[in-house]
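Report on one structure; see the data block that follows.
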Amino acid sequence: MTGPSDASPAARRGSAPRAARRRSRPRVLAVLTAVVALGLVVTTQVPDPVGDVVGDLLYAVAVYAALVLVAPRVRPWVAGAVVLTWCWLVEALQAAPVVGAVLDVVPAAAWVLGSTFSARDLLLYLLGVLLAVGFDVLADARAGVARGSRPL
């Protein structure tokens, strides 16, 4: 026999746990495509420092969208943590000779790995991830309102 203390926390609160939502892959792919296209335009057509700053922000957003594309049920803050870790790891690797060696063999890898370490980029990646998470949460809330359910 089970008592109230044996019930799950959600059952004790009288509500079911919130199911992980699944994002629309076609919509996420469209967002990813638009962000990558915008990033290419910005980094090739907008002079620095604006082009560099916006490019770094868009890089983090693109990585976020790519992660959500392959894992559509991942929670926004989990995705944000994974993306920020990736971005910071790639930036840290730029301070080591490994990125230079890769770029010597595959110059196009600079679009993914960058080329030189900049501490400013660490902050820009954080801001880009916060933007991506914010838009993702906002889209979920708007979708919940459109479905008639109560948003978070």
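Results for (1) farther than 25 Å from Val42 by Cα; (2) open to solvent by less than 50 Å² (accessible area, probe 1.4 Å); (3) outside any helix (DSSP H, G or I), shown as yes or no for each residue.
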| site | (1), (2), (3) |
| --- | --- |
| Ala62 | no, yes, no |
| Leu67 | no, yes, no |
| Val98 | yes, no, no |
| Ala108 | no, no, no |
| Phe117 | no, no, yes |
| Leu123 | no, no, no |
| Leu130 | no, no, no |
| Val137 | yes, no, no |
| Ala141 | yes, yes, no |
Give the range 1-42 a look and list any residue that's farther than 27 Å from Ala108 by Cα, polar (S, T, N, Q) and either modelled with pLDDT of 50 or more or open to solvent by 80 Å² or more (accessible area, probe 1.4 Å) (or both), or say none. Thr2, Ser5, Ser24
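The values are calculated or read from the model by the stated rules, or taken from the named source; none is laboratory data. Being a predicted model, the structure only gives us computed values, none of them experimental. Please note that ligands, DNA and RNA were not included when accessible areas were found on the heavy atoms of the full protein model with its side chains. Shrake-Rupley method; radii C 1.70, N 1.55, O 1.52, S 1.80 Å.
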